[in-house]
1. Read phi for every residue in segment 37-48 and hand back ³J(HN,Hα) as whole Hz from Karplus 6.51 cos²θ - 1.76 cosθ + 1.60, θ = phi - 60°, with x for Gly and Pro.
2. Order 104-116, 43-55, 17-29 from most to least packed using the mean count of other Cβ atoms within 10 Å.
3. Once you place label points 7 Å from the Cα toward the Cβ at C68 and R56, how far apart are they in nm?
4. Once the Cβ-Cβ distance between A118 and C34 is put in as r, and R0 is 25 Å, what FRET efficiency do you end up with, to the nearest 0.05?
Amino acid sequence: VEEYPTALESHFGGSQRASVLAAASGITTSLATCNSNAGLNGWYLSMLMHKEGWSRLGFFGYDLQDQCGSANSMSIRPDEGLLGELRGPNYPNYAMNVGHQGEYAAIGGAAHIARGDAWTLSPLMKYHVR
């Protein structure tokens, strides 16, 4: 990713770079723990560490959800602490940009795949056939 740093820097000011690294962290955590909430926190930890290293995640405030997400993932309020599997384009206070929606779906799905569940709850796919 960092061999050609401007390649991912040109899209949303680095948000794409941060998202690719965070997706790898979140999906790996989700697969290792079989827990989608742990996977989301793997995503958020990667984002926070990325911000420490690069001093930013992107621009225009599109990184809000990546900075406040850790607190939201442990909330019991349904509008901010919704299960990862139920997140969609209308999730409040989050800008679902630069692939966030697909990456959140992959993190939630990875936990179910790791557990060998027969199906995954998704607003886009009702049944998972093996």
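1. 5, 5, x, 4, 6, x, 4, 5, 4, 4, 5, 5
2. Per-residue Cβ counts within 10 Å, averaged per peptide and sorted highest first, yield 17-29, 104-116, 43-55.
3. If labels sit at C68 and R56, their model points lie 2.1 nm apart.
4. On the way: r = 14 Å, r/R0 = 0.58.
Calculated transfer efficiency: 0.95.
No lab work stands behind these numbers, since they all come straight from the coordinates. Please read these numbers as outputs of a predicted model, since none were measured by experiment. Backbone-built Cβ (ideal geometry, glycine too); neighbour counts: all protein chains shown.
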